[in-house]
Amino acid sequence: MKSFNETAADAQVLAEYTDLMRHYGDMVSKLEAIDESTLSAADDAYYIEVMGRINTELAETGLSLL
């Protein structure tokens, strides 16, 4: 995403962006499938940590997750 924002006209970056968006969709589907009520305390803490890292990265690109 950061590369795409900087060089929007480059065909290679556009192809990478398309692939990235496919992976993004897969990731969102998998995250939505997690039943947070079944996570152990340690797993829940890790889940929250990972979601924080993902949202920080997405915020830098102007996107948001869930």
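The values are calculated or read from the model by the stated rules, or taken from the named source; none is laboratory data. Not measured: the values here are computed from a predicted model. Cβ placement follows ideal geometry from the backbone for every residue including glycine, while neighbour counts extend to all protein chains displayed.
For the reader, a short list of remarks on this structure follows.
- Of the helices (runs of 4 or more DSSP H) lying entirely inside the chain, those containing at least 2 residues that are among the charged types (D, E, K, R) and modelled with pLDDT of 80 or more span 11-32, 41-61.
- Residues in region 26-44 that are hydrophobic (A, V, I, L, M, F, W, C) and closer than 15 Å to residue 54 by Cα: 27, 28, 31.
- Scanning region 6-49 for residues being of a type in the set (Lys, Arg) and either within 20 Å of residue 61 (Cα to Cα) or surrounded by 10 or more Cβ atoms within 10 Å (Cβ to Cβ) (or both) gives a total of 1.
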